[in-house]
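In what follows, a single structure is set out as structure tokens and then discussed.
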Amino acid sequence: MKHRPESGNTTEKSVVILISGRGSNMQVLLEAELPCCRIAAVISSKADVPGLDIAMQHGITTQVVAHRDHPDRESFDAALAATIDLYQPDLVVLAGFMRILTSNFVAHYQGRLINIHPSLLPSYGGLDTHERALRDGVKIHGCTVHFVTPDLDHGPIIIQAAVPVLMDDTPATLEERVLREEHRIYPQAVRWFCSGYLSLEANGRVLLNRMKQPGAALIAPGLE
Ligand code: GRF
């Protein structure tokens, strides 16, 4: 299904958030209180994770669809989709959801499934992004929100934030700097989608009709 942005469309959108752990991105989405979006449920692929407690404290319906209860990826994804669809979401948001999804699942949510990844895609897809960036000595790193396609961490890019890599960074300090930016760009992307300003075109391109063009370059290390 294709979603066309309609400027000024204020109809509230139903959003389901999928997590697997800490849930800090989920938390900022809940606390952003985006006017155009209603968080219908938070679903976790693991029981007893901190993110579930946070969601419950916010009065959000939670569910667990544990991957351990399913013999293979297909049956897990089918159970997950059945649970998600109870909430008839306009948008499904992956927020630290640590399972690779089957192409059937991804196709079912085409144009309404987004993810946040802790690197400037297409660099550093996959795991251990901060360690790998440090090892390569890159000077600029960051995070990306993108539509999900069957090609892991390679879907059409919606928004990115870049941060400098500092000389004494460790994976932990770099993660912290990147995570701070994740918490800024994810609510923005969800707000755009729910306001009708953002969609995925049939040709696979992101259509965003509410874009402020940045005026400055990020140069790292800085010029003197
Ligand atoms: C974030 O860095 C996100 O980009 C990645 O997994 C981490 C999840 O963190 N996909 P949290 O659960 O949102 O705190």
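Taken together, the values in this text are just the output of simple stated rules run on the coordinates, not laboratory data. Please read these numbers as outputs of a predicted model, since none were measured by experiment. Cβ sites come from the backbone with ideal geometry, for glycine too, and all protein chains shown count toward neighbours.
Only one entry of Ile116, Ile43, Ile39 meets the criterion of being assigned to a strand (DSSP E or B), closer than 20 Å to Ile159 by Cα, touching a helix residue (DSSP H, G or I) at 6+ places or on another chain (Cβ under 7 Å) and touching a residue at least 24 places away in the same chain (Cβ under 8 Å), and that entry is Ile116. For the range 78-105, the tally of residues that are touching a strand residue (DSSP E or B) at 6+ places or on another chain (Cβ under 7 Å) and within 16 Å of the ligand (Cβ to nearest atom) stands at 6.
Rundown of residues vs (1) assigned to a loop (DSSP other than H, G, I, E, B); (2) within 16 Å of the ligand (Cβ to nearest atom), yes/no style:
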{"residue": "Ile158", "(1), (2)": "no, yes"}
{"residue": "Met167", "(1), (2)": "yes, no"}
{"residue": "Ala172", "(1), (2)": "no, yes"}
{"residue": "Glu176", "(1), (2)": "no, yes"}
{"residue": "Ser199", "(1), (2)": "no, no"}
{"residue": "Gly204", "(1), (2)": "yes, no"}
{"residue": "Gln213", "(1), (2)": "yes, no"}
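Tell me, yes or no, whether the range 182-195 has at least one residue that is more than 16 Å from the ligand (Cβ to nearest atom) and part of a loop (DSSP other than H, G, I, E, B). Yes, the range 182-195 contains at least one residue that is more than 16 Å from the ligand (Cβ to nearest atom) and part of a loop (DSSP other than H, G, I, E, B).
Checking the range 139-149 against the condition returns a match, with at least one residue being within 14 Å of the ligand (Cβ to nearest atom) and part of a loop (DSSP other than H, G, I, E, B).
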